[in-house]
Amino acid sequence: MDNMEISVNVENLTKRFDDFTAVDSVSFSVGKGEIFGFLGPNGAGKSTTIKMLCGILSPTSGTGTVSGFDIVNEQDEIKNNIGYMSQKFSLYNDLTVRENLEFFGSIYGISGKILKDRIEYVRDMAGIGDRMDSMVNILPGGIKQRLALGGAILHDPPILFLDEPTSGVDPVMRRNFWELIYEFSRRGKTIFVTTHYMDEAEHCNRIALVIAGKIIALNTPDNLKNELPYSVYSLKVNDFIAVFDKISGFDFIEEAAIFGSDIHILCDKKVNLKKELAQGLKSIGITDYKIDHISATLEDVFVSHAGRD
């Protein structure tokens with residue numbers, strides 16, 4: 001980050017609602033052209049953070065700038081320099097695609113040939129050339145998603161804030177959407193994206209792991225996995241849920257979590273897990289199983305940090 005132009009900078013940002021602290025003194029910077037991910041479960045404070053950065057909510061305390069503008073005192077300037085795609089579909093269902101884009105263009109102060117050119121760009125980007133005069137309410141979910149993104153980038157902003165943009169769409173649509181995000185990044189756009197999908201976080205240049213309003217780790221996906229202080233094993237066994245409940249209390253296991261029908265086990269790197277686990281499983285009558293030493297995933301990283309925090 002030392003030699004990178006900063007698009008977003010936040011220090012000790014906090015948001016409280018009465019006695020509830022939704023965002024708890026978070027600090028981070030996002031470089032120009034970076035895809036920066038906020039990864040965490042529902043209720044972690046991701047959307048509240050993004051709304052403060054977009055000038056929708058005012059922070060309780062802390063400071064921050066977006067594109068050089070102060071998030072408390074220059075919210076109007078921020079709104080003119082960002083694109084924001086919210087979790088909830090924000091276009092008007094009772095208007096056509098074209099009418100929606102013309103309306104949003106007028107909000108951004110775009111008109112004439114510039115607006116026409118930008119609408120054509122969104123049409124091509126979203127693949128909606130034959131649906132421009134269709135009512136939005138009849139569009140499939142994937143096209144609505146791309147259209148919402150088109151509305152966010154209609155004025156060609158330097159920074160995009162995407163709040164769980166692929167929630168509720170199928171894996172193919174998610175992959176196609178991320179191809180668009182890559183393209184924006186290659187063009188120098190800064191992307192701030194919130195997600196609870198671990199595989200999406202792998203696509204980010206850096207990610208912040210967020211739980212209960214706090215950033216518990218921040219680094220590149222590879223560095224987060226490489227810095228994990230534990231060995232990771234995958235256990236395949238019948239009746240894995242019952243086995244999981246029994247082995248979670250073994251003292252040589254730091255953390256255990258269910259991944260599909262497997263159990264991922266984190267242990268101290270000095271532990272001979274295969275030997276210890278063989279004895280432990282035998283003590284509870286389990287002899288038919290398979291255990292492999294595996295590379296850490298972001299899920300393992302998240303489980304590890306969540307357990308410690």
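Just the residues that are under 20 Å from Leu162 (Cβ atoms) and open to solvent by 30 Å² or more (accessible area, probe 1.4 Å), please, taken from the stretch 16-46.
Of everything in the stretch 16-46, those that are under 20 Å from Leu162 (Cβ atoms) and open to solvent by 30 Å² or more (accessible area, probe 1.4 Å) turn out to be Ser29, Lys32, Pro41, Asn42, Gly43.
Which residue is surrounded by the most Cβ atoms within 10 Å (Cβ to Cβ), if the candidates are limited to the stretch 235-274 and must be part of a helix (DSSP H, G or I) and not β-branched (Val, Ile, Thr)? Walk me through it before giving the result.
At the first step, the residues of the stretch 235-274 found to be part of a helix (DSSP H, G or I) are 240-247, 273-274.
Applying the additional criterion that residues be not β-branched (Val, Ile, Thr) yields 240, 242, 244-246, 273-274.
Details: Phe240: 18, Ala242: 12, Phe244: 18, Asp245: 10, Lys246: 15, Leu273: 22, Lys274: 12.
Per the criteria, the residue is Leu273.
Return the total of residues in the stretch 146-175 being modelled with pLDDT under 85 and open to solvent by 10 Å² or more (accessible area, probe 1.4 Å).
Count: 10.
What residue, of Val210, Val193, Val232, is in contact with an Asp or Glu (Cβ under 6 Å, 6 or more places away or on another chain), buried (at least 19 other Cβ atoms within 10 Å of the Cβ) and of a type outside the set (D, E, K, R)? Full working, then the answer.
Numbers: Val210 fails: in contact with an Asp or Glu (Cβ under 6 Å, 6 or more places away or on another chain); Val193 fails: in contact with an Asp or Glu (Cβ under 6 Å, 6 or more places away or on another chain).
None of the other options fit; the residue is Val232.
What's the total number of residues in the stretch 129-145 that are part of a helix (DSSP H, G or I) and either open to solvent by less than 60 Å² (accessible area, probe 1.4 Å) or among the small types (Gly, Ala, Ser) (or both)?
Final tally of qualifying residues: 7.
One residue is enough: does the stretch 87-100 have a residue meeting the conditions in contact with a Lys or Arg (Cβ under 8 Å, 6 or more places away or on another chain), outside any loop (DSSP other than H, G, I, E, B) and not acidic (Asp, Glu)?
The answer is yes; a qualifying residue exists.
When you check Gly55 against the structure, is it open to solvent by less than 80 Å² (accessible area, probe 1.4 Å), assigned to a loop (DSSP other than H, G, I, E, B) and on the phi > 0 side of the Ramachandran plot, yes or no?
On the way: open to solvent by less than 80 Å² (accessible area, probe 1.4 Å): yes; assigned to a loop (DSSP other than H, G, I, E, B): yes; on the phi > 0 side of the Ramachandran plot: yes.
Considered against the rule, which asks whether it is open to solvent by less than 80 Å² (accessible area, probe 1.4 Å), assigned to a loop (DSSP other than H, G, I, E, B) and on the phi > 0 side of the Ramachandran plot, Gly55 comes out as yes.
Scanning for something within 20 Å of Phe177 (Cβ to Cβ), surrounded by 15 or more Cβ atoms within 10 Å (Cβ to Cβ) and without any contact (Cβ under 8 Å) to a residue 60 or more places away in the chain, does the stretch 74-97 turn up at least one residue?
yes
Of everything in the stretch 1-15 that's of a type outside the set (A, V, I, L, M, F, W, C) and open to solvent by less than 70 Å² (accessible area, probe 1.4 Å), which residue is farthest from Phe302 (Cα to Cα)?
Ser7
So, Val66, is that one more than 16 Å from the chain's Cα centre (by Cα), closer than 16 Å to Leu160 by Cβ, open to solvent by less than 10 Å² (accessible area, probe 1.4 Å) and of a type outside the set (Gly, Ala, Ser) or not?
yes
Just give me the residues in the stretch 275-299 being assigned to a loop (DSSP other than H, G, I, E, B), out of contact with any strand residue (DSSP E or B) (no Cβ under 6 Å at 6 or more places or on another chain) and of a type outside the set (S, T, N, Q), in sequence order.
Across the stretch 275-299, the qualifying residues are Ile284, Gly285, Ile286, Asp288.
The values are calculated or read from the model by the stated rules, or taken from the named source; none is laboratory data. All figures in this text were calculated on a predicted structure; none of them were measured in a lab. So basically every Cβ, Gly included, is an ideal-geometry build from the backbone, and we count neighbours across all protein chains shown. Just the protein is used for accessible areas: all its heavy atoms, side chains included, with ligands, DNA and RNA removed. Shrake-Rupley method; radii C 1.70, N 1.55, O 1.52, S 1.80 Å.
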